[in-house]
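The values are calculated or read from the model by the stated rules, or taken from the named source; none is laboratory data. Just so you know, these numbers come straight off a predicted model, no measurement behind them. As a convention, Cβ positions derive from the backbone with ideal geometry for all residues, glycine included, and neighbour counts pool all protein chains shown. With ligands, DNA and RNA removed, areas are computed over all heavy atoms of the protein, side chains included. Shrake-Rupley method; radii C 1.70, N 1.55, O 1.52, S 1.80 Å.
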Amino acid sequence: MKSSCVISFEGLNLNRLFNTLCKRDITVLNVIKRGKLCEIEVPQTRLREVIALLEEKCYNIVGIRYKGVSAVRRFIRARFVLPVIILLCVAMTAVLSQFCFRIEVAGDYDNNEVLQALSNAGVRVGGRLYDWNVDRVENAVANELDAMYAVVSRKGSVVYVNAVKRKEIDAPVDMTKRRDIVATRDGVVASVMCEQGTPLVKAGDTVRAGDVLIAGQRIFNDGTSRDVYALGRVTIQLTAVGFAEYTGVRTVEQPTGNLFKTTGVVLFGKEYSRNCPFERYTTDKSVAYLHPLNLQIVTTVYCETERVTVSATVDECAEELKAQAYEVAKGNCDFAIDEVIYDVNASGAEARLIGKIELR
């Protein structure tokens, strides 16, 4: 493939120009005339000579276009950096995909338990993945957690694990023996549903732990009775109360105006950046993701704050007092919370946590 150049220029007296080119033994491969604009194609080896002649004759050169091998060479040279970057990205992606950058946990177990079991099996964030055995890892995780089964898979540099607990089988019940349904907590009866036995409480009754709710006894019309296995469901409403006293002041965080900005990278699940010099601060983060490399660039702005005690009315302290009262009540609560009722007055705030348990 020969190399040639197409020169676009404007000017007059084209016949004289072509005669000069012919005298200098410069081959003109093609000529296109569009009004004042003329295009001539000449061998690349004579390009400089033709350009010098056009400038000498005061022609206005509009552009130069390369064809053949020279066009390919110029394209590659002009875009040399791009293919190099693409090759480097492909190489780095191939290498980094053999390392674990993230672990996604699902199933019945706590994340930390599963991550520890995976670590003991040789799979951890930052660890190599190219020599791992899926069956061995699944068996190791299932055995350590005493799980019914564990499924481990990977997609790129992300490992997915799902561990399921063994299903517990209820012990057989001897229905021929007497059994009472007994309150395990203090509370208020919300509802009673008796299938077998004698109910001793009704909705609205206050009960204490140890009280019999449904007696394992069946009473007949003639006054006789027989012991039975009590069956039914009693719902008890539980309450936990916490109180926070109003003191007339509250503590607030105020910015000092001092800022500290740092940029770091998240690699193998850990962020690497400069430490903040402030003791108390708020943060504003922005994250940029480099997907082919599985990297995160994190920019963090720290705003220094200080604690200041200021006078405040009950209304101004209401949210803070309610939060404090809630934490106090939560410390006395060991049941699932269905409802929270607050009462704020001149002395402080009360939080009442309400939940229910079912006894069968």
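For Cα pairs less than 8 Å apart in space and 6+ apart in sequence, what is the mean separation divided by the residue count of segment 84-233, i.e. the relative contact order in percent?
Values: 265 pairs, mean separation 27.8, N = 150.
Averaging sequence separation for qualifying contacts and normalising by length gives 19 percent for segment 84-233.
Name the shape class, rounded, prolate or oblate, that the alpha-carbon gyration tensor gives for segment 159-235, where a ≥ b ≥ c are the square roots of its eigenvalues, rounded holds for a/c under 1.5, and otherwise prolate holds if a/b is larger than b/c and oblate otherwise.
Here segment 159-235 falls in the oblate category.
Let me check I've understood the local charge: for LYS33, count other residues with C-beta under 14 angstrom from its C-beta, Lys and Arg +1, Asp and Glu -1. What total comes out?
Net charge in that neighbourhood comes out at -1.
Might you work out the accessible area of LEU259 for me, using a 1.4 Å probe with all protein chains in place, and round it to the nearest 10 Å²?
Accessible area, nearest 10 Å²: 120 Å².
Would you calculate, for the chain, the mean residue ellipticity at 222 nm contributed by helices, counting each DSSP H stretch of 4 or more residues as -39,500 (n - 2.57) and dividing by all residues, to the nearest 500?
Roughly -7500 deg cm²/dmol at 222 nm, from the helical runs in the chain.
Roughly speaking, to the nearest percent, how much of segment 1-40's 1.4 Å accessible area is carbon and sulfur?
With neighbouring chains kept in place, the figure for segment 1-40 is 51 percent.
Taking the Cα centre of the chain as the origin and placing charges on Cβ (Lys, Arg +1; Asp, Glu -1), which of GLN217, THR262, ALA312 is farthest toward the positive end of the dipole?
Comparing the listed Cα positions along the dipole, THR262 ranks first.
With a/c under 1.5 counting as rounded, go ahead and sort segment 216-360 into rounded, prolate or oblate using the C-alpha gyration tensor (a ≥ b ≥ c being the square roots of the eigenvalues; past the cut-off, prolate if a/b is larger than b/c, else oblate).
oblate
When all alpha-carbon pairs of the chain are counted, what percent fall beyond 32 Å?
I get 72 percent for the Cα pairs in the chain exceeding 32 Å.
Give the accessible surface of the chain per residue, rounded to a whole number of Å², with probe radius 1.4 Å and ligands, DNA and RNA excluded.
64
Over the chain, what is the relative contact order in percent, taking alpha-carbon pairs closer than 8 angstrom and at least six residues apart?
Result for the chain is 12 percent.
Can you tell me the mean projection area, over all orientations, of the convex hull of segment 180-299's alpha carbons? Units nm², please.
If you wrap the Cα atoms of segment 180-299 in a convex hull and average its projections, you get 17.2 nm².
If you rank SER273, SER157 by how much accessible surface each has, with a 1.4 Å probe, what is the order from largest down?
SER273, SER157
Rounded if a/c is under 1.5, else prolate if a/b is larger than b/c, else oblate: which is segment 224-292, with a ≥ b ≥ c the root eigenvalues of its Cα gyration tensor?
Oblate.
Roughly what would the spin-label model give for LYS33 and ILE297, points 7 Å off Cα along C-beta, in nm?
5.6
Relative to the Cα centre, what is the charge dipole magnitude of the chain, using +1 at the beta carbon of each Lys and Arg, -1 at the beta carbon of each Asp and Glu, and rounding to the nearest 20 debye?
Details: 46 positive and 44 negative charges, 722 e Å.
Value, rounded to 20: 3460 debye.
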